[in-house]
Amino acid sequence: MMLARDINDWKNLILMNRFALKEIDTKLNILNEEFQFIHLHNPIEYIKSRVKTPESIIEKLKRKGYEPTIQNAKEYIYDIAGIRIICSFVSDIYLIYDLIQNQSDVKVIEVKDYIRNPKPNGYQSLHLIVEIPVFLSDRIEEAKVEIQIRTIAMDFWASLEHKIFYKFNKAVPGYITKQLKECADVITHLDNKMLFIKDELEQYK
C-alpha cells in the first residue's frame with residue numbers, strides 16, 4: 001500500500017513529465033509555423049502526446065528487473081513522456097530531427113532510426129530520447145521525452161500492427177505477420193513515390 005507521501009511523489013513525477021511535453025510541443029509548433037510562414041510548407045501534419053500512468057511505469061520497471069521507485073523511474077524509464085510527430089514526407093522527418101538537434105536547450109541522448117533500418121516486422125519510425133529543462137518557480141529540473149517521428153503512412157501501419165498485436169495477445173499468426181510485412185514494403189514504396197512527386201513539384205516554384 002502506498003503512503004500519501006509516495007502518492008504525491010508519483011503525482012509530481014507525472015506532472016513534471018506533462019510540463020516537459022508542453023515545452024517540446026510549444027517548440028515544435030513554433031518551428032512548424034515559422035516554416036509555414038517562410039517556406040510555405042509545414043513539415044508537421046499533427047502531433048500526438050501522452051504521459052504514462054504510475055501503474056504503467058511501475059509495471060515496466062518490474063519487467064526490466066528494477067524496484068518500482070521514483071528514482072529508478074527517472075533513471076531507467078525514458079518514455080514516461082512521449083510525443084509522436086506525424087509528417088507528410090520522409091524528408092520532413094529528418095528536417096524535424098535537425099531542427100530539434102539545433103535547439104540549444106534540448107539534448108539528444110539517444111537515436112534509433114527504424115526508417116533506414118526497419119525492424120524485421122516492417123516497423124518504421126525515427127525514435128529520439130531528448131532531455132529538456134523544465135523551469136519551475138524555485139528550480140530547474142531536467143526531464144526526458146521520447147519523440148517518435150514518422151509519416152502518415154508509417155503511423156497508419158503502426159496503429160494497425162499495434163491493434164493486431166494485442167488482439168492476438170502478442171501471438172500473431174504467421175500469415176498475418178507476413179501480410180503486415182508486405183504492407184510495410186508497400187508503404188515504403190508509397191512514401192518514396194510521394195517524396196519524388198513533391199521534389200518534382202519543387203522545381204516548378
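For the range 4-153, what is the percent of antiparallel DSSP beta bridges, rounded to the nearest 5?
Counting DSSP beta bridges with both partners in the range 4-153, the antiparallel share is about 75 percent.
Tell me, what is a quarter of the convex hull surface for the C-alpha atoms of the range 67-178, in nm² with one decimal?
Values: hull surface 37.5 nm².
For the Cα atoms of the range 67-178, the hull's average projected area reads 9.4 nm².
Picking from 51, 87, 24, whose Cα lies most toward the positive end of the charge dipole for the range 1-137 (charges on Cβ: Lys, Arg +1; Asp, Glu -1)?
51
Let me see the pair-distance distribution of the chain: every alpha carbon pair, 5 Å bin width, integer percents in order.
Values per bin, smallest distances first: 1, 6, 13, 16, 17, 15, 13, 9, 5, 3, 1, 0, 0, 0.
Can you spot the aspartates and glutamates whose alpha carbon is less than 17 Å from residue 74's alpha carbon? Ignore those fewer than 8 places along the same chain.
The reachable aspartates and glutamates, counting only those whose Cα sits under 17 Å from residue 74, are 6, 9, 55, 59, 110, 131, 141, 142, 146.
If I fit a long axis through the Cα atoms of helix 174-202 and take the longest principal axis of the Cα atoms of the chain, what angle between them do I get, 0 to 90°, rounded to 10?
60 degrees
Rule-based calculations on the coordinates, nothing more; no lab input. This one's a predicted model, so the numbers in the text were calculated from it and none came from an experiment. Neighbour counts run over all protein chains shown; Cβ positions are idealised from the backbone, glycine included.
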